[in-house]
Structure formats: C-alpha cells, structure tokens
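Take a look at the structure set out below.
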Amino acid sequence: MINRLTIEDMLQRLSIKPVNPAWSTGKETGDDTSTPFDSFSPVDGQLIASVGSASADAYDRVIEQATAAFGQWRMIPAPRRGDIVRQFGEALRSHKQDLGMLVSYEMGKSLQEGLGEVQEMIDICDFATGLSRQLYGLTMQSERPQHRMYEQWHPLGIVGIISAFNFPVAVWSWNAAIAWICGNVCVWKPSEKTPVTAVACQQLMARVLAENGIPEGVSCLVQGGRSLGEELAGDHRIALVSATGSTRMGKSVAAATAARLGRSILELGGNNALIISQHADLDVALPAAVFGAVGTAGQRCTTTRRLIIHEAVYDTFRQRLVNAYGQLRIGNPLDEQNHVGPLIDVDAVRQYEAAIASCLREGGHFAVAGTVLEGAEYVSGCYVRPCIAEVEPYFEIVKQETFAPILYLMKYRTLEEAIRIQNEVPQGLSSAIMTQNLREAEQFLSVAGSDCGIANVNIGTSGAEIGGAFGGEKDTGGGRESGSDAWKAYMRRQTNTINYSDKLPLAQGIKFDV
Ligand code: UN1
C-alpha cells in the first residue's frame, strides 16, 4: 500500500525535484509560480505537487529553443536518432515500477494498468528504433528516358503534443518516439490533471539526450491549461499538433490548425460497442466485456460503453455480468487486490451521476446500480461503483461518451441490426464482435460492417497493441498514431525527378522548342 513516504521515494528515484517546472527544454527548466496549479491524487486526495504554468514569455523561449534544436536534430542520421529513442526505452525499463506506480497514483488506474502503460511506452520505443531504419520512400518508373523518379520523407519541424489525463504518458510516447526518429522535435503540453508523471518522463528523456550530447530543445514540456493548448494549436511555428482528448477540444484544435494550414492528428472520443452474438464463446466474452467496461474505471477512449447482445443469449449473459460485477473490488488502485480505482476527480464523479440520472429519465433500468462510494478508503470522493444499465439504442445518453464505468446493454435480433446500432453513434474509435461464426466475423469486418478505426473479433474494444495504427473516424477525429505507417503523418513527402540525359523531354509529350 502507498503512503506519503513511498511517494517521496518514488519521486526521488525518478529524480523529480521538489519544485516542478512550468517548462523544460531538456536539462533547462524554469518555474513560474504566478499561476500554479495543484496535482491531487484521486487515490487519497493528497497533494502530489504544485506545478507552475508556463508564461507567454516562457512558452516563446521554449518554441525558439525547439526551432533551433530542429536544425541540428534533423541532421543526425535517423538510425542514430533511433538509438537515442532505444536508450529512452531502456531508461523506462529500469524505471518501470516507479513510473508505473506514479501513473497509478496520479491518475488512479490500477497498478497493473499503470505498469501496462509504461510497457506501452517501452514497446513504442522498440518499434520506433526499428522504424528509424525503415522510413522508406517508393521509386516510380518515369515516362521519360533516362529519368529517375522517387520520393523521400523529411521531418516537419516542431510537433506539438497535447495529451489527456487517462493515458498521461503512453499517448505522448506514441507521438514523441515516432516524431523523434522522423527527425522532429517535440513540445508536450500534458493534461493539467497529471503534470507530475509528465515531469518524470521529460526528465528521463532529458537525461538520455544530455548523455548523448544532444542540444536542448529536442524534448520540451510546457505546463498549463486550455489556453496553452489553444496557443499551441494556433502557433504557425508548430508544424503538426497531435491532440488527444474530448471531441470539443479536438474541434477547436482542428479549426485553429486548419486556419493556418497547419497539420493535426486528432484522437478524440469513443463510444465503443461489443457485439455478443449467439455464436459467442461466453467464457471469452465475459472477461472481455468486464475489463473493457471497468478497466481504467471506464476512462479509456477505447472503453466498452455498449454491449449489443443477441436476444438468445441476452438473459444468460446479463446474469453472468451481474455476477461478475458483484465480485469487483473497488479501492486503492495500488493495492493489487482491487480491480477498479477512482475516477480522476470530483468533476468526473458529477458527470457519472448526471449520466445515470439522464439514463433513468429516459427509461433505463439498472441491472447493477451506480453509487458514489463513501468511507475512509474513499476519502478522495472519486470512487464510484461500476454500473450496468439496460437501455434502448436510441437513448440520447447512449450516444454520448461519459468517461465513467457505465455500461449500457441492448438487445438485437439480426447481425445487420447489431451493426447498424453499433454504427449509429457520432463516435467511431473501437468496436468488436464476439462470435465463433466465420460468416458473422467477416460481415462485421466487411465494408458494410463496423465503421470504426479499430474492429476486433473475439477480443475486447480496449487494449490495442502499439504495432497497429491507432485512431478512429467521425467524431473521433480521423487521426492515426503509433504503429503501421502512422509515421508518415509526422513527415513531409517530397517527390524527386532526376534527368540524367542530355535532352529536356517534357512530361505528357508536350513540345516546346526554342
Ligand atoms: C486512450 O484511451 O486514449 O487501446 C488510449 C487501449 C490503449 C490506449 C488507449 N492501448 O486501450
């Protein structure tokens, strides 16, 4: 179990100084105590640290430093950059336990999930290291004699990363590790709800960069709230803004970057459904549904929010779910006996309560009731009971993403109907079907199937591996991060045609004699 002493130890092992910087360009850090904000742990309500916000002047200095660093960093061969990212991965390996605990303590997810988050960072570092030797361009056949045509990829410049509290460090690393090996420099604005884990990661990377003699500015951190995010989005010096968070935030980032013809990668809300077919192996479906719905206390963008269950197995599966929810242990997430930790803050608790009230107003019936937990163990006021509501798919509340462990159950008769229900929400991140029937599985994955960025068969909606491209459609924003060829969004493509003949033939056979 965690106490004040272990927090101090943990911060010390991660060498987080008592005063946390409002900004950092690497080894250089600065405080600005004029408008500090506090990070309270949702685990026990204790103050972890008071963090400064980057002032306008400090922000400008960071961007200038990052701009200067880009000039040097881009000249370093990509495999060498990859090796530096590999070393960052090694630093994460040796601090996995401390950082995992800090993530768990500052954000509230279970220690297993905190460790999983650090593992996700390690994995993306490994991926990026290999990728640093594989930033391939194509060669094309020229229509003109003695001409060679090919394409190459160059870095963009500064990549601004706006990350959310729910994956306070992993989502940053998906962006940063890929951006770095591509030759970009990064400026990170973490969530103001989880500033301390960000400081820890920034300091680990700063150490690696300094050991390799890399100039300041390759990895930068600026702390602040919504206005700082808006500043980043509107800043023409930032080539690409990768933002994770609410659809409301993403729309404002998209508008601000588009207005200056900048680029953005958006990873926004999800409203993910799991279809449980009458052909499902219910022993596989049950843990997938429960982990998907209550993991990270329902605060993943990939959380399972809707179960669309075939009428033939509806009653059986509902009863099994109710039994499983009865076994859930809710409490301090650092205690490995517990399955579910707190929500991030009391605002999130209010939203959980409001969603339950809306659901009841619309005629929902709760198979497992939701309540806010009280008592000594729940002193932070952020612990809630995961709940299950039986609803109709057309309920307004079912179309919304509430970042809390509220699972909506609905019934279907035909697979077409299930797919239609699954697609009939504004969001389009993740989806899954539980079935042992090949035809059903393929229909779900077909062009007439799921409209989401992620579509799984016989696994849940959350817990994607870093090797695939991660992101979704519609209100989820359309961006892709992490694996596959998502790296291309962090680079600019250049098409090159080289004439090694002694003539100047024009394309399309145009004649132009002078
Ligand atoms: C998020 O919730 O923003 O697929 C990211 C998952 C994790 C990442 C979630 N690998 O659930």
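Give the residue that is farthest from residue 332 (Cα to Cα), with candidates limited to residues of the range 108-132 that are outside any helix (DSSP H, G or I) and of a type in the set (S, T, N, Q).
Among those that are outside any helix (DSSP H, G or I) and of a type in the set (S, T, N, Q), it is 132.
Residue under question is residue 148, and the condition is that it be touching a helix residue (DSSP H, G or I) at 6+ places or on another chain (Cβ under 8 Å), away from the ligand (no atom under 16 Å from the Cβ) and open to solvent by 30 Å² or more (accessible area, probe 1.4 Å); does it hold? Even if it seems obvious, please write down each step before you answer.
On the way: touching a helix residue (DSSP H, G or I) at 6+ places or on another chain (Cβ under 8 Å): no; away from the ligand (no atom under 16 Å from the Cβ): yes; open to solvent by 30 Å² or more (accessible area, probe 1.4 Å): yes.
In short, no.
Okay, residues lined up against (1) farther than 15 Å from residue 218 by Cα; (2) of a type in the set (Ser, Thr, Tyr):
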position	(1), (2)
25	no, yes
42	yes, no
45	yes, no
53	yes, yes
63	no, no
66	no, no
71	no, no
80	no, no
86	yes, no
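Only strands (runs of 3 or more DSSP E) wholly contained in the range 427-514 count here; list those with 1 or more residues that are within 14 Å of the ligand (Cβ to nearest atom).
430-434, 454-457
Inspect the range 79-87 for any residue being modelled with pLDDT of 95 or more, closer than 30 Å to residue 338 by Cα and assigned to a helix (DSSP H, G or I) and give the result as yes or no.
No, because not a single residue in the range 79-87 is modelled with pLDDT of 95 or more, closer than 30 Å to residue 338 by Cα and assigned to a helix (DSSP H, G or I).
If residue 183 satisfies every condition in (1) more than 16 Å from the ligand (Cβ to nearest atom); (2) out of contact with any strand residue (DSSP E or B) (no Cβ under 6 Å at 6 or more places or on another chain); (3) open to solvent by less than 10 Å² (accessible area, probe 1.4 Å); (4) part of a loop (DSSP other than H, G, I, E, B) but one, which is the exception?
For residue 183, the exception is condition (2).
Considering (1) within 16 Å of the ligand (Cβ to nearest atom); (2) open to solvent by less than 30 Å² (accessible area, probe 1.4 Å); (3) in contact (Cβ under 8 Å) with a residue 60 or more places away in the chain, say which one residue 291 fails and leave the rest.
Residue 291 satisfies all of (1) within 16 Å of the ligand (Cβ to nearest atom); (2) open to solvent by less than 30 Å² (accessible area, probe 1.4 Å); (3) in contact (Cβ under 8 Å) with a residue 60 or more places away in the chain except (2).
Confirm whether residue 346 is in contact with a Pro (Cβ under 7 Å, 6 or more places away or on another chain) and either within 16 Å of the ligand (Cβ to nearest atom) or within 30 Å of residue 249 (Cα to Cα) (or both).
Numbers: in contact with a Pro (Cβ under 7 Å, 6 or more places away or on another chain): no; either within 16 Å of the ligand (Cβ to nearest atom) or within 30 Å of residue 249 (Cα to Cα) (or both): yes.
So residue 346 does not fit the description; no.
(1) more than 16 Å from the ligand (Cβ to nearest atom); (2) surrounded by 17 or more Cβ atoms within 10 Å (Cβ to Cβ); (3) closer than 20 Å to residue 384 by Cβ: which one isn't true of residue 322, the others all being true?
(2)
Is it the case, given these coordinates, that residue 284 is of a type in the set (A, V, I, L, M, F, W, C), more than 15 Å from the ligand (Cβ to nearest atom) and open to solvent by 60 Å² or more (accessible area, probe 1.4 Å)?
When the stated conditions are applied, residue 284 passes them.
Scan the range 457-471 and report the pairs whose first residue is within 11 Å of residue 303 (Cα to Cα) and whose second residue is in a loop (DSSP other than H, G, I, E, B) and not hydroxyl-bearing (Ser, Thr, Tyr), with Cβ atoms within less than 6 Å and a gap of 6+ or a chain change.
The qualifying pairs are 462/300.
Does the range 426-440 hold any residues that are of a type outside the set (S, T, N, Q) and open to solvent by less than 10 Å² (accessible area, probe 1.4 Å), and which are they?
Matches in the range 426-440: 428, 429, 432, 433, 434.
Scan the range 156-174 and tell me whether some residue there is more than 19 Å from residue 210 (Cα to Cα), free of Cβ contacts under 8 Å to residues at least 60 places away in the same chain, in contact with a Pro (Cβ under 8 Å, 6 or more places away or on another chain) and within 16 Å of the ligand (Cβ to nearest atom).
The first filter runs over the range 156-174 and keeps only residues more than 19 Å from residue 210 (Cα to Cα), leaving 156-172, 174.
Add one more test, that the residue is free of Cβ contacts under 8 Å to residues at least 60 places away in the same chain, and what stays is 170, 172.
From what's left, in contact with a Pro (Cβ under 8 Å, 6 or more places away or on another chain): 172.
Now drop any that are not within 16 Å of the ligand (Cβ to nearest atom), which leaves 172.
Yes: one or more hits.
Please list, ordered by first then second residue, the pairs with beta carbon atoms under 9 Å, 6 or more apart or interchain, first in the range 338-363 and part of a helix (DSSP H, G or I), second among the small types (Gly, Ala, Ser) and open to solvent by 50 Å² or more (accessible area, probe 1.4 Å).
Pairs that qualify, where the first residue is part of a helix (DSSP H, G or I) and the partner is among the small types (Gly, Ala, Ser) and open to solvent by 50 Å² or more (accessible area, probe 1.4 Å), are 356/369.
Hey, residue 259 hits all of (1) without any contact (Cβ under 8 Å) to a residue 60 or more places away in the chain; (2) touching a Gly at 6+ places or on another chain (Cβ under 8 Å); (3) within 16 Å of the ligand (Cβ to nearest atom) but one; which does it fall short on?
(3)
Return yes when residue 420 is surrounded by fewer than 22 Cβ atoms within 10 Å (Cβ to Cβ), away from the ligand (no atom under 11 Å from the Cβ) and in contact (Cβ under 8 Å) with a residue 40 or more places away in the chain and no when it is not.
It is false that residue 420 is surrounded by fewer than 22 Cβ atoms within 10 Å (Cβ to Cβ), away from the ligand (no atom under 11 Å from the Cβ) and in contact (Cβ under 8 Å) with a residue 40 or more places away in the chain.
Considering the range 133-176 alone, what residues qualify as being more than 24 Å from residue 74 (Cα to Cα) and either modelled with pLDDT under 95 or assigned to a strand (DSSP E or B) (or both)?
Result: 140, 147, 148.
Regarding residue 153, is this residue touching a residue at least 60 places away in the same chain (Cβ under 8 Å), more than 16 Å from the ligand (Cβ to nearest atom), surrounded by fewer than 24 Cβ atoms within 10 Å (Cβ to Cβ) and not charged (D, E, K, R)?
yes
Looking at (1) under 24 Å from residue 118 (Cα atoms); (2) open to solvent by 20 Å² or more (accessible area, probe 1.4 Å); (3) of a type in the set (Phe, Trp, Tyr), can you tell me which one residue 487 breaks?
Failing condition for residue 487: (2).
Among the candidates 54, 66, single out the residue that is touching a helix residue (DSSP H, G or I) at 6+ places or on another chain (Cβ under 7 Å) and open to solvent by less than 60 Å² (accessible area, probe 1.4 Å).
Being touching a helix residue (DSSP H, G or I) at 6+ places or on another chain (Cβ under 7 Å) and open to solvent by less than 60 Å² (accessible area, probe 1.4 Å) holds for just one of 54, 66, which is 54.
The values are calculated or read from the model by the stated rules, or taken from the named source; none is laboratory data. Since the structure is predicted, the reported quantities are computational estimates derived from the model, not experimental observations. Here Cβ is always computed from backbone atoms with ideal geometry, including for glycine, and neighbour counts include all displayed protein chains. Heavy atoms of the whole protein, side chains included, go into the accessibility calculation; ligands, DNA and RNA do not. Shrake-Rupley method; radii C 1.70, N 1.55, O 1.52, S 1.80 Å.
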